[in-house]
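No value in this document is a laboratory result; all are computed from the given coordinates. The structure displayed is predicted, hence computed values, not measured ones. Using ideal geometry, Cβ is built from the backbone for each residue, glycine included, and neighbour counts are taken over all protein chains shown.
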Amino acid sequence: MSSSHTTELEPTHPTGPAGSRPRRRRRTLAASAVMLGVLAGGVAPAVTAVPAVAAECSQGGGTANGACPASPTPGITGSHANPQSVPRGIQAALNYWRNLGWPNWRNVAPRGAVFNVANWVDQRANHHREYIESGGQYQDHGNRLRHFMDLGLAGHDAQNYRGTFQEYYGSVYASNPEQTHIATGNFRIVRAINTGDVWASIDHYSNFRYIGRL
C-alpha cells in the first residue's frame, strides 16, 4: 500500500498551532517526498443565498453597481480568477502532499494515515524525521465548497461537481503522531479529488482561501 523508502531532505521545521481536538487511532504509511511548492484546507457553517452578480464576478470583472465582493460565498475568499496565497504555516505540508501526488481516501490516505516524508542526519549526528497526516474524506457539511464551485468560482468546468473531497492536516510533525499523539492543530487543506481545486484553512474550517488547482 506504500513504499518503505524515505528520501533524505533538508530540514523543514514543523509548523502549526497546538492541537484542536482529540486524536483518533492512526496507521502509519512510509512514503518518499521531494520539496516543492505551496498549501492547506477546512469545513464550516451553511451557506446563504446566491448573489445575483456571482456569475459575472466569477469571470474576474466588476458589476454594473461596482466592484465584486471578495467572494460571493461566505467564509471563502478568492476564485479561479483571483487565487489566494498559501498561508505561511501550511506551505511546508502542502509541498509534501503535492509531491506525494495527493494521496486520497480512495487509495492510501484514509483518516489518520501517517506518512514519513523526511529522514536525515545533520552535521552533529542528530537524527531528524518529519511526518504529515491525512484527514481522510472531507464531507463538506453545509455544501460550502460545492456551492462555491457551482457559482463558477473555481472555473465553469467545475460547476455541478459531483465528486468527493480529501482532507489533509496542514502541519508537519517532528515525530510520528500515531506514537506520540501530537494534536492535529487548526491548519487544514481540502482538495476536490476530480478537479484538483484546493482550499486552505488556518482556523479549522471556519474560513477558507481558494488556492487554485494543484
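Starting from 0.36 nm per residue, how many nanometres of slack lie between residue 129 and residue 160 once their C-alpha separation is accounted for?
On the way: separation 31, 0.36 × 31 = 11.16 nm, distance 4.15 nm.
Result for the pair: 7.0 nm of gain on full extension.
Just to verify a number: FRET efficiency for residue 77 and residue 106, C-beta to C-beta distance, R0 = 41 Å, to 0.05? Mind showing how you got there, number by number?
Details: r = 29 Å, r/R0 = 0.70.
According to the calculation, E is roughly 0.90.
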